[in-house]
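Q: The structure's right below; bear with me while I get my questions together.
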Amino acid sequence: MLPFKLAYHERYDLNLGAHVFPSEKFRLIHDKLLNDGIAEPDDFLRPEPATDADILRVHTQDWVQKLKTGTLTASEQMKLEVPYSPELVRAFWLAAGGTILAAESALQDGFGCNIGGGFHHAYPGHGEGFCAIHDLAVAIRTLQARHKITRAMVVDTDVHHGNGTAAIFGKDDSVFTLSIHQLNNYPAHKPHSTLDLNLEDGVADEEYLATLLPAVTKSIADFKPDILFYVGGADPYREDQLGGLDLSMEGLQKRDAGVFKQARAKNIPVVTTLAGGYARQLTDTIQIHVNTIEAAKHVAENQNQ
Ligand SMILES: [Zn+2]
């Protein structure tokens, strides 16, 4: 039994078929967590889709309407880079519900993990880079509206800059956004996060961790968030097809554990989401995401001792 809950729904699958985004990864991670004995069936919570009212705390009425009625323009469809389907829309609403559920559960247990989400490229009025709905922003706004939190921090370790997050919270002092990413990569336009850690091509474990971890320490100390949302991209991995960094699997797990330890040492609840992962071998992507949950487990257990 894990000391925290995992939000998961079998309809997280984005229904993409053959695509560089392996949308069956959610199910494969769920299955591996069980098969490896890291989690038990009772550790999983089944989210409801976010309500439209929750989605509309972040997204425009126009964008929500287009998604619900399948009336995206050709250019909106192109930017999104995943084929439209009703299943896709349902999956994004569920992912947002899952991140809300994981966040509520983190407030109770210290950790809450969504085995999905991390769609950090979605903007209020359009989607891009495989992201239609910004689940993290929806969860932050929803928890603020429920008066559960005031100040949130987003630590985004996906290899791609968190442009949607930066755009949504750019003028909002209640949310601190940190993005560590490869500079010469998608997205071309990178609106400013509160803190952007721009990495050159080919950065490996040591330099990555030496850049990220002290920045997280300082950001937590200065900002004092009520909750930390972690975007645990698997794509800084050296075998990633859409990334140009050189991290090892061990380096990625040190990254996860390093951030989690610091937040939990200050008693800050941690919400984890998956984000991207496009390794040549799908099993590597799955393993990296599973390792994030395992890192959370270790940090939670060592804390309780
Ligand atoms: Zn990415």
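Q: Among the residues that make up segment 181-194, is at least one of them touching a residue at least 12 places away in the same chain (Cβ under 8 Å), open to solvent by less than 40 Å² (accessible area, probe 1.4 Å) and assigned to a helix (DSSP H, G or I)?
A: Looking through segment 181-194, none of the residues is touching a residue at least 12 places away in the same chain (Cβ under 8 Å), open to solvent by less than 40 Å² (accessible area, probe 1.4 Å) and assigned to a helix (DSSP H, G or I).
Q: Here's something else I'd like to know. Of all residues in segment 1-18, which are assigned to a strand (DSSP E or B) and open to solvent by 10 Å² or more (accessible area, probe 1.4 Å)?
A: From segment 1-18, those assigned to a strand (DSSP E or B) are 5-7; that's our starting set.
Residue satisfying the conditions is K5 alone.
Q: Suppose we keep only residues that are over 24 Å from H9 (Cβ atoms) and free of Cβ contacts under 8 Å to residues at least 24 places away in the same chain within segment 66-87. Which one would you say is surrounded by the most Cβ atoms within 10 Å (Cβ to Cβ)? Break it down into steps so the answer makes sense when it comes.
A: Step one: list which residues in segment 66-87 are over 24 Å from H9 (Cβ atoms), which gives 71, 73-79.
Adding the requirement that they be free of Cβ contacts under 8 Å to residues at least 24 places away in the same chain leaves 71, 73-75, 77-78.
Values: T71: 11, T73: 10, A74: 7, S75: 9, Q77: 14, M78: 10.
Restricting to residues being over 24 Å from H9 (Cβ atoms) and free of Cβ contacts under 8 Å to residues at least 24 places away in the same chain, the top hit is Q77.
Q: Would segment 214-221 turn up any residue that is within 24 Å of L183 (Cα to Cα), among the hydroxyl-bearing types (S, T, Y) and in contact (Cβ under 8 Å) with a residue 40 or more places away in the chain?
A: yes
Q: Restricting to segment 47-65, what's the tally of residues that are loosely packed, with under 13 Cβ neighbours inside 10 Å and within 30 Å of T292 (Cα to Cα)?
A: Within segment 47-65, the subset loosely packed, with under 13 Cβ neighbours inside 10 Å is 48, 53, 61-62, 65.
Within this subset, residues satisfying the condition of being within 30 Å of T292 (Cα to Cα) are 48.
The number of residues fulfilling the criteria is 1.
Q: What do you reckon, is D172 within 22 Å of Q61 (Cβ to Cβ), of a type in the set (D, E, K, R) and without any contact (Cβ under 8 Å) to a residue 40 or more places away in the chain?
A: Yes.
Q: Turning to a different aspect of this structure: Can you pull out every residue in segment 266-283 that is open to solvent by less than 60 Å² (accessible area, probe 1.4 Å), under 24 Å from F92 (Cα atoms) and more than 16 Å from the chain's Cα centre (by Cα)?
A: Passing the criteria: A279, L282.
Q: Go through A145, A139, A91 for me and flag whichever is more than 15 Å from the ligand (Cβ to nearest atom), of a type in the set (G, A, S) and open to solvent by 10 Å² or more (accessible area, probe 1.4 Å).
A: Just one listed residue meets the conditions, A145.
Q: Only one residue in A167, A122 is assigned to a helix (DSSP H, G or I), in contact (Cβ under 8 Å) with a residue 40 or more places away in the chain and crowded, with 18+ Cβ neighbours inside 10 Å, so which one is that? Working first, answer last.
A: Working: A122 fails: assigned to a helix (DSSP H, G or I).
Testing whether each residue is assigned to a helix (DSSP H, G or I), in contact (Cβ under 8 Å) with a residue 40 or more places away in the chain and crowded, with 18+ Cβ neighbours inside 10 Å leaves just A167.
Q: Among the helices (runs of 4 or more DSSP H) lying completely within segment 19-102, list those that include at least 2 residues that are under 30 Å from K297 (Cβ atoms). Talk me through it step by step, then tell me what you get.
A: Values: elements: 25-35, 52-55, 61-69, 74-80.
Of the helices (runs of 4 or more DSSP H) lying wholly inside segment 19-102, those with at least 2 residues that are under 30 Å from K297 (Cβ atoms) span 25-35.
Q: Just need a number here: residues in segment 274-294 that are within 15 Å of the ligand (Cβ to nearest atom), assigned to a helix (DSSP H, G or I) and closer than 25 Å to D109 by Cα.
A: Final tally of qualifying residues: 3.
Q: Here is a list of conditions, (1) in contact (Cβ under 8 Å) with a residue 12 or more places away in the chain; (2) open to solvent by 10 Å² or more (accessible area, probe 1.4 Å); (3) within 23 Å of M78 (Cα to Cα), and V159 meets all of them except one; can you say which number that is?
A: (2)
Q: Which residue is farthest from D172 (Cα to Cα), if the candidates are limited to segment 214-265 and must be within 16 Å of the ligand (Cβ to nearest atom) and open to solvent by 40 Å² or more (accessible area, probe 1.4 Å)?
A: E239
Q: Here's something else I'd like to know. So is V271 more than 15 Å from the ligand (Cβ to nearest atom), touching a Lys or Arg at 6+ places or on another chain (Cβ under 6 Å) and not in a loop (DSSP other than H, G, I, E, B) or not?
A: Details: more than 15 Å from the ligand (Cβ to nearest atom): yes; touching a Lys or Arg at 6+ places or on another chain (Cβ under 6 Å): no; not in a loop (DSSP other than H, G, I, E, B): yes.
The answer is no for V271.
Q: Name, by its number, the condition in (1) of a type in the set (A, V, I, L, M, F, W, C); (2) open to solvent by 20 Å² or more (accessible area, probe 1.4 Å); (3) more than 19 Å from D240 (Cβ to Cβ); (4) within 16 Å of the ligand (Cβ to nearest atom) that does not hold for L197.
A: Checking L197 against (1) of a type in the set (A, V, I, L, M, F, W, C); (2) open to solvent by 20 Å² or more (accessible area, probe 1.4 Å); (3) more than 19 Å from D240 (Cβ to Cβ); (4) within 16 Å of the ligand (Cβ to nearest atom), the one that fails is (3).
The values are calculated or read from the model by the stated rules, or taken from the named source; none is laboratory data. On a predicted model such as this, the values are computed, not experimentally measured, just so you know. Note that each Cβ is placed from the backbone with ideal geometry, even for glycine, and that neighbours are counted across all protein chains shown. Only protein heavy atoms, including side chains, enter the accessible area calculation; ligands, DNA and RNA are left aside. Shrake-Rupley method; radii C 1.70, N 1.55, O 1.52, S 1.80 Å.
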